[in-house]
Every structure is written in structure tokens, then in C-alpha cells.
Amino acid sequence: NAGVTQTPKFQVLKTGQSMTLQCAQDMNHNSMYWYRQDPGMGLRLIYYSASEGTTDKGEVPNGYNVSRLNKREFSLRLESAAPSQTSVYFCASSEKIYYGYTFGSGTRLTVV
Amino acid sequence: AQSVSQHNHHVILSEAASLELGCNYSYGGTVNLFWYVQYPGQHLQLLLKYFSGDPLVKGIKGFEAEFIKSKFSFNLRKPSVQWSDTAEYFCAVIPYNTDKLIFGTGTRLQVFP
């Protein structure tokens with residue numbers, strides 16, 4: 001089925017470890033986004049990519065890096081995980097902004 | 001700071017009750033407005049959206065929202081809720097001349113049979 005695929009679905013990290021969250025979409029969308037969702041805070045934009053080869057910071061980029069590998073894939077990397085990065089991470093994509101976003105199923109990350 | 005506000009954090013209703021969830025934004029100029037729903041354990045799904053035209057927008061599952069420009073509001077309504085509407089609801093705004101979707105903090109709706 002067409003959509004946004006995120007891997008892994010769950011992950012536990014120790015403080016200081018690194019990991020990369022993967023996201024791929026098969027809808028030929030230009031724009032891709034990474035959000036984190038925390039209780040009582042809604043979804044906050046970490047990074048986004050308006051097109052292949054471009055990335056920009058969102059509201060909460062500190063502690064994260066991203067790579068737009070190609071039009072399909074947009075990865076999020078935590079270089080040195082901290083407990084404050086415990087969250088649910090959602091990737092999204094859109095063709096045109098007014099169509100709305102299509103979201104992936106999320107990655108639940110716990111940093112201990 | 002510019003923002004999207006959802007003042008109802010947690011709403012509890014009985015089935016068949018009417019629902020209205022508030023959403024206010026503080027961005028000037030033209031905005032695009034959305035309501036998303038997140039059912040327990042699932043990802044966000046689009047309920048409805050407004051870009052222009054008729055300020056009363058109808059979405060899926062009997063939901064509707066009204067854009068009132070003078071009040072900077074985009075409230076979500078449903079005349080009669082069902083147990084299956086139990087979910088978290090997010091208002092979101094694309095401010096003028098940006099391509100970023102800014103979310104409110106969400107409203108958790110619980111519907112009891």
C-alpha cells in the first residue's frame with residue numbers, strides 16, 4: 001500500500017548511544033518532515049525537507065541531524081541520545097502543502 | 001509568540017452528545033487550517049482542511065469545522081459523537097508564505113457508551 005514507512009517501530013537506547021530513524025515514502029512527494037510528539041505538547045517540527053537535496057530546521061532541531069538521501073527517503077539521526085529525546089517520532093510527506101500531510105505510523109523511542 | 005491554541009485538553013462525553021473543540025491561532029495573513037485525528041496507537045489522519053471559500057468545511061465521519069477569520073478560530077464540531085470517536089484531535093495551521101504545518105497541543109476526547 002502507498003504511504004509513509006518508518007523503521008524501527010520501537011527502540012530503547014542508552015544515554016550517549018546513536019541511532020538513525022528511517023523514513024521512506026512511495027508517493028513521489030517532494031516535501032518530507034520529522035516531528036516529535038510529547039504528552040501535552042502536541043507535535044513539534046524537528047526538521048523538514050522541501051525537496052531532494054535541501055533540509056531546514058524546524059522548532060526543535062537541537063540534538064538531531066537529517067539526511068534527504070533521495071526523493072523517497074528522509075532519515076533522522078540522534079548522534080548522542082539523551083533522556084529528553086524520549087518521544088514518539090513521526091515522519092510525514094506531502095505533494096503540495098494544501099493537500100495536507102501523510103504520516104507514518106511512528107517510532108517510539110526511549111532513552112534510558 | 002505565534003502559536004496554535006487548543007484550550008480543551010481533555011473532553012469527556014457520553015455517546016450522542018454534541019462536540020465542539022476549540023482552536024485558535026495567532027498568525028496573520030492567509031492561513032491554511034487542518035484538523036487531524038489520532039486514534040489510540042495509530043498515526044495521524046486528516047479529518048478536514050480549509051484553504052478558501054465556504055468557511056464551513058465538512059470532513060470525514062460527520063465532522064465539520066467553521067473558520068471565523070475575525071476570531072482567528074477554526075473550531076471542530078460533531079452533532080452526535082460515538083464511542084469510536086475516542087481519540088486525540090489536533091488542530092494545525094500552515095502560516096502564510098511557509099510550507100510548515102504547526103500543530104496545537106491536542107485535545108483528548110473520551111466518549112463513553
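The values are calculated or read from the model by the stated rules, or taken from the named source; none is laboratory data. Please read all numbers here as calculations on a predicted model, not as lab measurements. No Cβ is skipped: glycine too gets one built from the backbone with ideal geometry, and neighbour counts run over all protein chains shown. Side chains included, ligands, DNA and RNA excluded: accessible areas come from the protein's heavy atoms. Shrake-Rupley method; radii C 1.70, N 1.55, O 1.52, S 1.80 Å.
A few notes on this one:
- In this calculation the C-beta distance from B:Thr30 to A:Gln17 is compared with R0 = 45 Å, giving a FRET efficiency of 0.55.
- Chain A - percent of accessible surface contributed by carbon and sulfur, probe 1.4 Å: 48 percent
- Summed buried accessible surface, chains B and A, 1.4 Å probe, nearest 100 Å²: 1600 Å²
- Percentage relative contact order, chain B, counting C-alpha pairs under 8 Å, at least six apart: 37 percent
- For the protein assembly as shown, fraction of C-alpha pairs farther apart than 27 Å, in %: 33 percent
- Where chain B is the region considered: accessible area per residue in Å², 1.4 Å probe: 49 Å²
- Taking the Cα centre of the stretch A:31-112 as origin and assigning +1 to Lys and Arg Cβ atoms and -1 to Asp and Glu Cβ atoms, the resulting dipole is close to 100 debye.
- Stretched out straight at 0.36 nm per residue, the stretch from A:Lys71 to A:Glu59 would grow longer than its current Cα-Cα span by 2.0 nm.
- For the stretch A:63-93, residues shielded by at least 10 square angstrom of accessible area compared with the chain on its own, probe 1.4 Å: A:Phe90
- The mean number of Cβ atoms from other chains found within 10 Å of a Cβ in peptide B:3-12 is 0, as a whole number.
- Here the calculated FRET efficiency for B:Asp99 and B:Glu66, from their Cβ-Cβ distance with R0 = 22 Å, stands at 0.30, rounded to the nearest 0.05.
- Simple label model, 7 Å out from Cα along Cβ direction - B:Val11 to A:Lys96, nm: 3.1 nm
- Those residues of the stretch B:81-113 for which accessible area with every protein chain present is at least 50 Å² below the isolated value (1.4 Å probe): B:Asp99, B:Lys100, B:Leu101, B:Phe103, B:Thr105
- Solvent-accessible area of the stretch B:1-73 (1.4 angstrom probe, protein heavy atoms only): carbon and sulfur portion equals 52 percent.
- Per residue, the accessible area of chain A comes to 46 Å² when a 1.4 Å probe rolls over the protein heavy atoms.
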